[in-house]
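The values are calculated or read from the model by the stated rules, or taken from the named source; none is laboratory data. Everything quoted here is computed from the prediction, not taken from an experiment. Please note: Cβ atoms are built from the backbone with ideal geometry, for glycine as well, and neighbour counts cover all protein chains shown. Heads up: the accessible areas ignore ligands, DNA and RNA and are worked out on the full protein's heavy atoms, side chains in. Shrake-Rupley method; radii C 1.70, N 1.55, O 1.52, S 1.80 Å.
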Amino acid sequence: MTIPPGNFSWRARYATNIPTIDAHHQGMFKILRMLHEATSDGRIEVEMEVILEHLEQHSLAHFEAEEALMRRTEFPGIDSHAQDHGRFLIQLRRLKARQELGDEGVPSEVLAVLRDWLHDHILLQDMIFAEHFRNQSKA
């Protein structure tokens, strides 16, 4: 599966202007680029397990920090947002299990899932929280 490199880049439109959250998101885009590069360079068989583990740990840390911020600012959409995080982790863990069984389709699927999830989750859900966060900061 070939995906144009531009789809793996952090862009200003993804900025929530919450430094911690933006740094985490940028880290996820970095993992996405690492996965793309390993796939393109033929190193994926060697690096896939490490990349998936790194992605899971980074995601867990990000979700924990984001949800803590949501609780602190009494974000009314936290339950739905946390459920979305949970669904992503379930999907990631299923992909990891398939990878462990030798499913060669996992790398391209992870690329597509992560790329699409980052785009949709940040622009649709995280931006709603970012607006709430800004409004709470002004109060």
For this session: Tell me, please, whether a residue that is out of contact with any Leu (no Cβ under 9 Å at 6 or more places or on another chain), open to solvent by less than 40 Å² (accessible area, probe 1.4 Å) and touching a residue at least 40 places away in the same chain (Cβ under 8 Å) can be found in segment 6-23.
Result: yes
Problem set entry | Subset tally (residues that are open to solvent by 80 Å² or more (accessible area, probe 1.4 Å) and without any contact (Cβ under 8 Å) to a residue 40 or more places away in the chain) for segment 58-75 | 3
Exercise. Out of all the residues in segment 25-57, which are open to solvent by less than 40 Å² (accessible area, probe 1.4 Å) and either of a type outside the set (A, V, I, L, M) or more than 30 Å from HIS132 (Cα to Cα) (or both)?
Worked result: HIS25, GLY27, PHE29, LEU35, HIS36, ALA38, ILE44, MET48, ILE51, LEU52, GLU56
For this session: Please work out which one of (1) in a helix (DSSP H, G or I); (2) surrounded by fewer than 18 Cβ atoms within 10 Å (Cβ to Cβ) is the condition ASP103 fails and give its number.
Result: (1)
